[in-house]
Amino acid sequence: MINRLAYRMDTIKERIRKDADHILQLQHLDGDQGRLRVSESFLKKGHLLLLGLHRKGASGKEIVSLNAFLMDTFIQHLYDYALKTYTEKHGSWPYPISIIALGGYGRSELSPFSDVDIMFLYPHKMNPALIEGFLEHLSEKILYPLWDLKLKVGHSTRTITEAIHEAKINVYTKNSLLEARLISGSKRLFNFFQEKYTAFIQESDSKKEIEEFLAHSNLRRSKFSHTPFLQEPNIKNGVGGLRDYQNILWMVRVYWNIDSLKALLDQCYITENEYNQLTRAYDFLLSVRNEIHFQSDTASDILSLERQPQIAENLGYHDHDVFKRVEAFMRDYYEHTHNIQQIASFIETRLLRLSTTTPPQKFSFRNLLKRDKEVQETIDGFVLKEDKFFAVNENVFIENPIRLIRIYRYCQQYSATMDSELVRLIRNSLDLITQDVIRDEGANKCLRSILQTSGEVYPALFNMHAHGTLSAFLPEFAPLTHLVQHEHYHRYTADIHTLNTIRVLDNVFNLVDDEASQYAKAIRKTTRPSLLYLIMLLHDIGKSVGIKGHSKTGMDIAAPMLDRIGINPKQKEIVLFIIKNHLEMVRQWQRYDVDDPETAKNFADFVKDPELLHYLYVQTYCDAKGTAKDLWNSYKEILHTKLYRKTLACFDADAHYLTNRINSKKVAYNDLVKSIFPDFTEEQIQEDLALIPNKYFILFTPEEMQLHLSMLKQLYALPSDPKSYNSPIVHWKEDLDQSLTTVSIITRDHKGLFSELTGAFSAVGLNILSSKAITRRDAITIDTFYVASGDNQPIQNEKLRLQFRAQLDDIIIKHKDPLPAIIAQVKKASTPFAKQRDNYKLRAAACVNVYKDNQLGKIIIEVQGMDRIGLLYHMASAISDHDFSISFARITTEHGIAMDTFHIESLSDPTHVASRLIDLREALNKIVGASD
């Protein structure tokens, strides 16, 4: 957007030379003050010249190059004056000397008020008696004027040996010397230094130095939260800033002795598009930095909020609405820094991976896959080696564009990352995400799967956003990208704020601290805890239209989007309610007295449903924590939680809402019974309804109810002989995009049934990811298991399904012990790849809680521990062995951690329940590895 002025650089330089020859006649002036006055006049005239060119649209690169030339010309005149005055008094110089520009000045990139870094270079050996007066004269005639003119001068005096020694111990000196450029003095000495320094670079352990250098870079980026999307970014040292661009050139110079971006392009290391992105971005940032220097009359690298409107105006952003002007400018800024960040990351990753110091060759997927011999497996066009995914070939996305979404799900499943070449391929394949892909049912299921993997969502969405996939697949999210938020408490752009809230929610599910645990308990009270991820992703989507009224606007934008993604009507209603009211809970405890009972009562009337209250409570917390590091504090936490608990108490005192919810499900169930059992009388329907616990209508959807009734019809039709009568009815439904299979089982209950069902799954090597189980009052159990294979894939193998059916019949009908088959599966699973993958699982402290809920009148067991093959079978067996039955089970496995809840009932003498519960707790502790 910055306009450019066409002119000849050599004409401008000639003008600077003539001004210097005319003004800087230092030898004809008497006294230091006179020389200082003309020096100041020359630099001021040059500064005004550059300012005028900058205002007329000269590029950032042109301005810093001309400013470096201006400084060169000035130092050359100082050098000539120092030489002349010394020789007039002492004769010829005792030693050759080179005045060398270093760092940014050495690159001929000197912003208006940047540091002037120079080095006085001398030969190896000098006579101290001769050199002392010589050095004093140079300082007086060259350095003193620079200091008197208030220039920030970094200077050193070194021999060649000293310079190389300093480079060995200081990485910053080493990088600075890489960009050494002769200003004045002995060209021969400078060339000799260049030869010695180049040899030193080539002989050094470049790989080790790259690693150390990247460690320094990582530390620097950590100071800026590893993101370029800050409200007041640092142009020089911030993420994606000038330093990251310069690092690219430093690293390839050290590693391959490649000294320009163009050389990287010529050797096919970066694409032409990447070259153009880097060139445009770097020039843009230089222009912004120049503008800051010109505005502030000092060396500053902070793009502060108060300066952004004027900077934008001066760089060609002329919208009369100051907010729109700043938004347009900052969008461009963030886009350029993001491009630098992404390309720099790709180059850094590849440099670390390569083990030779030879120049890079053209990339080959075949050579990449042949290079290593690690344990690996192939998944849907990708190869997983150790913890990294590679593409099998360059056409992997052309063959199936849905893989552009699935690859993030695979990384999530396997706790893996992507090879840098795969990331590059994704960024270059985004045009394959067409409207057909956006509306594809499988692709949207895959997105839902990512959002349903509680505790592991942020890395997947962060990468999708960083690679451009998220905005391409969810066009409604794209306008939030790089969107400045004109609110003093927001530190990040709208897109990064959204991702930050999702990271906070991950922390909640991962129980990172006591505060997170408190919110985890609240969100787990909902029927679909992971739905909050979708809510957080969309809660600020209305800001793409404007801050004012963005909650209502967001609801309008999200509604058709939710239909496209495949969100069912009930969940859609929840999502839209929270989006519309996501600021309401804060308003309540900021405006009203939370100790006043009317406040909680009125808020309960507004929310209407405790499920919505749970979502709103956790959403508000995540939103605030993702806004700025110190926005949430203990005072706000007290008010927020007090309002939540008092409002929840209002709901507990009024069960009307739950009755309505259950009754609406019962009406739907009645209609389904009539369609599937047309011969049933109304009396029979009501009798059947009386057999079903209310929990069933809370847990299952109408679609699931329809399936269960169809399976019940099959169960009722079984012959009455014992073998057939007890045979379970099983239904399989695979979901490729969620990488799991739903297995519904309906059968007649008996002691130990749940352990038998779980034992059958474990006996054939299937992992139970989650489960819902209900027992009707006529002793018919309805169990739903969400399972995957040992490598976390859905069960499409018909042979494996038949093996499960055979195991199930052997266990339930023939009373065969599944334990030997489970032990065999444990041994089979102990492969190098499986062990390697287990190393990346989070470790969770094991614990077992057994208590009686007086309100429910139920004995409840809560278990947390590291999941393993057969864990659920062993726990269910222990419950059965201690003479308890399982009336309800909620099984959850998240990133290798089992978090299970059982409602149990005693099958024997109730007078000894307490002692049996103690024994059961001890047995469960041993099973999950918990301390007593």
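The values are calculated or read from the model by the stated rules, or taken from the named source; none is laboratory data. What you see is a predicted model; the values in this text were computed from it and never measured. We place every Cβ from the backbone using ideal geometry, glycine too, and count neighbours over all the protein chains shown. Heads up: the accessible areas ignore ligands, DNA and RNA and are worked out on the full protein's heavy atoms, side chains in. Shrake-Rupley method; radii C 1.70, N 1.55, O 1.52, S 1.80 Å.
Label-to-label distance, R645 versus D556, with points set 7 angstrom from Cα along the beta-carbon direction: 4.1 nm. For the cross-link pairs K89/K150; K552/K674; K713/K751; K207/K262; K629/K858; K713/K799, the ones whose C-alpha atoms lie over 31 Å apart are K552/K674; K629/K858. Amide H to amide H, which residues 5 or more places from G185 or on other chains are under 5 Å from it, using H placed in the peptide plane? Amide H neighbours of G185: I99. The length gained by stretching the chain between L219 and R181 to full extension, at 0.36 nm per residue less their Cα-Cα distance, is 10.8 nm. Measuring r between the beta carbons of K152 and N797 and using R0 = 41 Å, the FRET efficiency lands at 0.05.
Each Cα pair of segment 474-649 feeds into the Kirkwood radius, which the Stokes-Einstein equation turns, at 4 °C and 1.567 mPa s, into a diffusion coefficient of 79 µm²/s. At an R0 of 51 angstrom, the distance between the Cβ atoms of I698 and E211 translates into a FRET efficiency of 0.40. Of L740, P459, S217, which is farthest along the charge dipole of the chain in the positive direction, counting Lys and Arg as +1 and Asp and Glu as -1 at C-beta? About the Cα centre, the residue reaching furthest to the positive side is S217. The charge dipole of segment 252-347, taken about the Cα centre with unit charges on the Cβ atoms of Lys, Arg (+1) and Asp, Glu (-1), comes to about 180 debye, rounded to the nearest 20. Rolling a 1.4 Å probe over the protein chains gives S762 an accessible area of about 10 Å². In this simple spin-label model, placing a label point 7 Å from the Cα along the Cα-to-Cβ direction at both N602 and D652 gives a separation of 2.4 nm. Take 290-299, 881-890 and order them by the average number of nearby Cβ atoms within 10 Å per residue, most first; the result is 881-890, 290-299. Sequentially through segment 315-329, phi angles give Karplus couplings (6.51, -1.76, 1.60; θ = phi - 60°) of 9, x, 9, 10, 4, 5, 6, 4, 5, 5, 4, 5, 4, 5, 5 Hz, Gly and Pro residues having no value and appearing as x.
How high is the relative contact order of the chain, in percent, counting Cα pairs under 8 Å that sit 6 or more residues apart? Don't jump to the answer; show the numbers that get you there.
Values: 1318 pairs, mean separation 62.5, N = 932.
The value is 7 percent.
Bridges between two residues of the chain, per DSSP, are antiparallel at a rate of about 90%.
In whole percent, and with a 1.4 Å probe on the protein chains, what portion of the accessible area of the chain is carbon and sulfur?
Carbon and sulfur: 51 percent of the exposed surface of the chain.
How big is segment 377-468 by the Kirkwood estimate over distinct Cα pairs, in Å?
Kirkwood hydrodynamic radius for segment 377-468: 13.2 Å.
Between L351, L753, S710, the Cα set farthest toward the positive side of the dipole of the chain (charges on each charged residue's Cβ, about the Cα centre) is that of L351. Nearest 5 percent is fine: what portion of the DSSP beta bridges confined to segment 1-203 is antiparallel? Expressed as a percentage, antiparallel bridges in segment 1-203 total about 55.
Only the Cβ atoms of Lys and Arg (+1) and of Asp and Glu (-1) were treated as charged; on that basis the dipole of the chain about its Cα centre amounts to roughly 1460 debye. Residues in segment 429-445 carry Karplus couplings, in order, of 10, 5, 5, 6, 7, 8, 4, 5, 5, 4, 9, 5, 4, x, 5, 6, 4 Hz; the curve used is 6.51 cos²θ - 1.76 cosθ + 1.60 with θ = phi - 60°, and Gly or Pro positions show x.
Evaluate the charge dipole of segment 1-203 about its Cα centre and quote only its size in Debye, nearest 20, assuming +1 on the Cβ of each Lys and Arg and -1 on the Cβ of each Asp and Glu.
Working: 27 positive and 23 negative charges, 136 e Å.
The dipole of segment 1-203 has a size of about 660 debye.
Label-to-label distance for V512 and E573 is 3.5 nm, based on points extended 7 Å past Cα in the beta-carbon direction. To the nearest 10 degrees, how steep is helix 160-169 against the longest Cα principal axis of the chain, on a 0 to 90 scale? Rounded to the nearest ten degrees, it is 10.
For the chain, the longest principal axis of the Cα atoms and the long axis of helix 60-90 meet at an angle of about 40 degrees. In the chain, the longest principal axis of the Cα atoms and the axis of helix 187-203 are about 20 degrees apart. In the calculated pair distance distribution of segment 212-355, what percentage of Cα-Cα distances lie above 24 Å? Here the tail beyond 24 Å accounts for 34 percent of pairs. Excluding ligands, DNA and RNA, the accessible surface per residue across segment 606-713 is 48 Å² with a 1.4 Å probe. Of the peptides 698-708, 571-581, 65-75, the order by per-residue mean of other Cβ atoms within 10 Å, starting with the highest, comes out as 65-75, 571-581, 698-708.
Taking amide H positions as modeled 1.01 Å from N, with prolines and chain starts lacking one, the residues under 5 Å from I379 and 5 or more places away or on another chain are L384.
Computed from backbone phi, the HN-Hα couplings of segment 613-625 come to 5, 4, 4, 5, 4, 6, 4, 4, 4, 4, 4, 5, 5 Hz, rounded to whole numbers (Karplus: 6.51 cos²θ - 1.76 cosθ + 1.60, θ = phi - 60°; Gly and Pro given as x). As a calculated quantity, the FRET efficiency between Q686 and T417 at R0 = 45 Å, using C-beta atoms, amounts to about 0.20.
Rolling a 1.4 angstrom probe over the protein heavy atoms with all chains in place gives segment 212-355 an accessible area of 37 Å² per residue.
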